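Here the structure is laid out as structure tokens; the discussion comes afterwards.
Any read-out appearing in this document is the output of simple, stated calculations on the displayed coordinates, not a laboratory observation. Keep in mind that what you see is a predicted model, and the values were worked out from it rather than measured. Note: ideal-geometry Cβ built from the backbone for every residue, glycine included; neighbour counts use all protein chains shown.
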Amino acid sequence: MGGQSLKSAVSVDFVAACRALRALCAAVEEDQDLAVKLNQAVAVCVRSLGNGGTVFFCGNGGSAADSQHLAGELVSRFLYDRPALRGVALNADTAILTAIGNDYGYEKSLSRPLEAQARKGDVLVALSTSGKSPNVLNALRAATHLGVQTIGLTGRDGGPMAELCGIELRIPSESTPRIQEVHLLLGHLLCEGIEAAMFPKSAADL
């Protein structure tokens, strides 16, 4: 394939992806219920962190990477310097994950570390594009049992996860990559809202 043909093929794919993402963002922008729930999620996290709680994140694959990313935004910083916030990605420790997978099965890989670390009043933010991942569902069930508040980032029809989340932020798409991309946008907005509420700064200071 010549250089010009390759360039054209790549450009078509890129443009199509951008158009799909733009259309999805437009649909999300019109979803007033989602905006209300996102602000509720911020308030839940702020209340927990203000009381000395922890915000836990979990997911599989790309959602696991997003979980670590978002926990890092709380522990380090998002937009500006401020005191560290308690954020933990349950999927980040490979020794723990493999020990639990070996001893109890992968379905327990997220619920078991949550049981070890979480306390009543903490928050669990669970990410799943399908809403069907057994280990994520078990983590949400464990959270409810522990008195941990639950926030779910889902897609498609929400799957079984929809019934297990105190607050569900659902992306109306069947495309896994597009759902993940908007999940990251919501995650960033969640971190931005938490940071601004707990450590306010004026626009001039940013």
- Query: Which whole-Hz couplings ³J(HN,Hα) result when phi for each residue of segment 161-172 is put into the Karplus expression 6.51 cos²θ - 1.76 cosθ + 1.60, θ = phi - 60°, listed in order with x for Gly and Pro?
  - Reply: 4, 4, 7, 9, 9, x, 10, 10, 10, 9, 9, x
- Message: Under 5 Å between amide hydrogens, which residues at least 5 positions from residue 89 or on another chain qualify, with H placed 1.01 Å from N in the peptide plane?
- Response: 57
- Task: In whole Hz, with x marking every Gly and Pro, tabulate ³J(HN,Hα) for segment 114-120 from phi via Karplus 6.51 cos²θ - 1.76 cosθ + 1.60, θ = phi - 60°.
- Result: 5, 4, 6, 10, 7, 10, 3
- Message: Given points 7 Å out from each Cα along the Cα-Cβ axis, report the residue 132 to residue 119 separation in nanometres with one decimal.
- Response: 3.9
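Just want the ordering: 49, 189, 90, from fewest to most Cβ atoms lying within 10 Å of their own Cβ. Before the final figure, lay out the partial values.
Numbers: 49 20, 189 16, 90 29.
Ordered from fewest to most neighbouring Cβ atoms within 10 Å, 49, 189, 90 come out as 189, 49, 90.
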- Message: Under 19 Å from a point placed 7 Å out from the Cα of residue 86 along the Cα-to-Cβ direction: which residues of segment 119-146 have their backbone N that close?
- Response: 119-126, 140, 142-146
- Give the long-range amide H neighbours of residue 173: residues separated by 5 or more places, or on another chain, with amide H under 5 Å away, using H modelled in the peptide plane at 1.01 Å from N. 156
- Item | Cleavage-rule hits, GluC sites (Glu not before Pro), segment 126-206, DSSP coil, Cβ neighbours within 10 Å at most 12 | 174
- Note on the structure: Residues meeting the amide H criterion for residue 150 (H placed from the backbone, H to H distance under 5 Å, 5 or more places apart or on another chain) are 124, 166, 167
- How much length is gained if the chain between residue 47 and residue 94 is pulled fully straight, taking 0.36 nm per residue apart and subtracting their Cα-Cα distance, in nm to one decimal? 13.9 nm
- Message: If each residue of separation counts as 0.36 nm, what is the full-extension length gain between residue 15 and residue 32 once their alpha-carbon separation is subtracted?
- Response: 3.3 nm
